[in-house]
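Worksheet: the structure to be examined is printed underneath.
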Amino acid sequence: MVKKWWHRSVVYQIYPRSFYDSNGDGIGDLQGIIEKLDYLSELGIDVIWLSPVFKSPNDDNGYDISDYEDIMEEFGTLKDMEFLLKEAKKRNIKILMDLVANHTSDEHKWFIESRKSKNNAYRDFYIWRDAVDGKEPNDLGSAFSGSAWEWDKTTEQYYLHLFSKKQPDLNWENPKVREEVWSFMNFWIDKGIGGFRLDVIELIGKVPDRGITGNGPRLHEYIREMNENTFGEKELLTVGECWGATPEIAKMYSNPQRNELSMVFQFEHIGLDQIPGKEKWDLRPLSLMNLKKVFCKWQTCFQNDGWNSLFWNNHDLPRIVSRWGNDGEYRIESAKMLATLLHGLKGTPYIYQGEELGMTNVRFADISQYKDIETLNMYKERLEKGYKQKGIMEAIYAKGRDNARTPMQWNNGKNGGFTTGTPWIGINPNYKLINAENQIKDPDSVYHYYKKLIKLRKENEVIVYGDFELLLPEDNQIFAYTRTLGDSKIVVLCNFYSNEAEYHLPKEYETIEELLISNYKNIVKNRLRPYEAYMYRLP
Ligand code: NOJ
């Protein structure tokens, strides 16, 4: 496999609105990120994925962009962004911009033009259709509840929006749209960014009239065209958000021979807590056996023809310690265990802000404290459909996107040190206990554990390129595996539950040459305590 710098990198995702507020307006900003670069550098990460910072009316917190070449006022200016790039570079940190190009904001100048008249030069930048029998052209739904079609009185046609009605979908079949996208991508590449995270990229090849949204027929043609016209020769990290990716599809994107992307985010492990065919809010009990199956599949499917991303969290997902871990008695142990499992695997790991502290989900008492459009729309829709309010709130506590969006917990002072003003969304009340300042001081903290895992990857080629093999396949409490590269072999053992687990490994795995990391002070032979995890090198 041709080696790439991003094979050995660790990425840290920043959700700027909730990271650090430097000017007291209650909203995180670019200067705030600059102030925290030393924190990130100390943690050891190589790359920052910045959730969108472009001009936006914030219907979906920046995922609705009204100008791709300017910065959202609350976050700062283009100068601040240039300064951030410069300061990050000083610390050898690259920055990925979040490219939201499936749709724009309805306040983008292209859409303002497009909706003016049927013969406007920008009309064909978006997807407009006549009514059918006085109704929507078909039953495509928006990810944020209701129909994906919105009636526009001015020209008496519907436009398509797979997300909110303030996020009209771009018409990628129009070559002029593609040229515009290449142009603003190059604008940012010229500023020295390290790459892109490509928002819902699998949707750009949609054929709405045939009900096709993800993985449309021209999707990969567009991505290759993008590669050729923008980052192709530049050694940038590009990661596509692909909810519908199977290993075969992921190879199409990430096989280096195909000149598309570096890697994709696939979500098969994330979907395991959801009833198949239902909405994300309809929970199903977790099964470790299924998790093992999914990870094994993704760890073994690529030879030299693809690359994995590794993640538990992002700004759309609940906190992992509250899903697969235990955010009560065993919060620290389980946060470390989940980190061990992931950071021992093959692929590029992504850490979402606060994950390195073991931050948890939040339970706001009242729906008025929630800000996320998806959550608020679902709440309204389900109430109207007759669901019980209590059940809806439980679903939000488990899966709502605001779980990830409460402010970063920096210290135990006012607002967790996030802002001196009034935070745009409430702080998780557990900030007094869980915060960066405490954890930096405590060598046994989740923070120091992450720091160590990042360092281990840097120092051990076997963690980067070693082959994966599952151990104890039938054990329904322990997730264990090996990684092997030449003569070097490591073993990872993780207990996913709060009861002890006994295990027996074949003889050749018994001798510990070097204990690389563990979340208990000592280790006990053939036994894992609640959420215990460790990684060791074999002789
Ligand atoms: C995926 C993003 O991660 C999410 O936050 C956003 O709402 C949708 N795409 C729409 O852009």
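Dividing the summed -39500 (n - 2.57) terms of all DSSP H runs of n ≥ 4 by the residue count of the chain sets its mean residue ellipticity at 222 nm at -8000 deg cm²/dmol. Each Cα pair of the stretch 160-262 feeds into the Kirkwood radius, which the Stokes-Einstein equation turns, at 25 °C and 0.890 mPa s, into a diffusion coefficient of 172 µm²/s.
Of the solvent-accessible surface of the stretch 437-489, computed with a 1.4 Å probe over protein heavy atoms with every protein chain present, carbon and sulfur atoms account for 49 percent. Placing dummy labels 7 Å off each Cα toward the beta-carbon, the span from GLU381 to GLU228 is 3.9 nm. Measuring spread by the Cα atoms of the stretch 1-137 yields a radius of gyration and Dmax of 18.9, 61 Å.
Diagonalising the gyration tensor over the Cα atoms of the chain and scaling each eigenvalue by 5 before taking the square root yields semi-axes of 38, 26, 24 Å, largest first. Note on THR155 and ASN411: the extension gain reaches 86.8 nm, defined as 0.36 nm multiplied by sequence separation minus the Cα-Cα distance. Site pair ILE112 and LYS432 shows an inter-label distance of 4.9 nm when each label is modelled 7 Å from Cα along Cα→Cβ. Between the residues GLN257, HIS269, PRO137, the greatest Cα displacement towards the positive end of the dipole of the chain, with unit charges on the Cβ of Lys, Arg, Asp and Glu, is found for HIS269. Straight-line cross-link partners of LYS55 among the lysines, defined as a Cα under 25 Å from its Cα and at least 8 positions apart when in the same chain: LYS36, LYS79, LYS86, LYS89, LYS94, LYS109, LYS116, LYS165, LYS166, LYS176, LYS191, LYS371. Taking Cβ atoms as reference points and 12 Å as the exclusive limit, the residues near ASN522 contribute a net charge of +3, counting Lys and Arg as +1 and Asp and Glu as -1. Count Lys and Arg as plus one, Asp and Glu as minus one, and take only other residues whose Cβ is under 11 Å from that of LEU203; the net charge is then -3.
Taking Rh as the Kirkwood radius, which is the inverse of the mean 1/r over Cα pairs, what is the Rg/Rh value for the stretch 465-539?
0.94
Taking the DSSP beta bridges with both ends in the stretch 1-156, the antiparallel portion is around 35 percent. Most tightly packed first, judged by the mean number of other beta-carbon atoms within 10 Å of their residues, the peptides 407-416, 82-91 read 407-416, 82-91. When a 1.4 Å probe is rolled over the protein heavy atoms, the share of accessible surface on the stretch 46-181 that falls to carbon and sulfur comes to 45 percent.
For the stretch 32-108, the direction-averaged projected area of the alpha-carbon convex hull comes to 5.1 nm².
Calculated accessible area for the chain comes out at 40 Å² per residue, all protein chains present (probe 1.4 Å; ligands, DNA, RNA ignored).
All C-alpha pair distances within the stretch 90-240, sorted into 10 Å bins from zero, spread as 11, 39, 32, 14, 4, 0, 0 percent across the bins. In this Cβ point-charge picture (+1 for Lys and Arg, -1 for Asp and Glu), the chain has a dipole of about 940 debye about its Cα centre.
Contact order for the stretch 393-531, expressed relative to its length and based on alpha carbon pairs under 8 Å spaced 6+ residues apart, stands at 14 percent. One Cα centroid belongs to the stretch 1-57, the other to the stretch 415-458; the line between them spans 15 Å.
Using only Cα coordinates, the Kirkwood hydrodynamic radius of the stretch 104-176 works out to 12.2 Å. What the Cβ-Cβ distance of ALA131 and ARG8 gives, at R0 = 45 Å and to the nearest 0.05, is a FRET efficiency of 0.25. Only Cα sites of the stretch 336-444 enter the Debye sum here, all with the same form factor; the resulting log10 I(q)/I(0) across q = 0.12, 0.16 1/Å is -0.53, -0.83, listed in q order.
On a per residue basis, the convex hull of the C-alpha atoms belonging to the stretch 430-514 measures out at 141 Å³.
Shape summary: the stretch 265-412 maps onto an equivalent ellipsoid whose semi-axes, from the alpha-carbon gyration tensor, are 28, 19, 14 Å in decreasing order. Report the paramagnetic label zone for GLU502: residues of the stretch 460-489 whose backbone N is under 11 Å from a point 7 Å from Cα along the Cα-to-Cβ axis. Backbone N within reach: none found. Per-peptide packing, taken as the mean over residues of other Cβ atoms within 10 Å, places 1-8, 132-139 in the sequence 1-8, 132-139 from highest down.
For the chain, the longest principal axis of the C-alpha atoms and the axis of helix 288-300 are separated by about 80°. The stretch between ASN120 and THR300, if pulled fully straight at 0.36 nm per residue, gains 59.7 nm over its current Cα-Cα span.
Remark: the stretch 167-213 projects, on average over all directions, an area of 3.9 nm² (convex hull of Cα atoms).
The values are calculated or read from the model by the stated rules, or taken from the named source; none is laboratory data. Model, not experiment: these values are computed from the prediction. Cβ coordinates were reconstructed from backbone atoms using ideal geometry, including for glycine residues, and neighbour counts include every protein chain displayed. Protein only, heavy atoms only, side chains kept; ligands, DNA and RNA dropped before computing areas. Shrake-Rupley method; radii C 1.70, N 1.55, O 1.52, S 1.80 Å.
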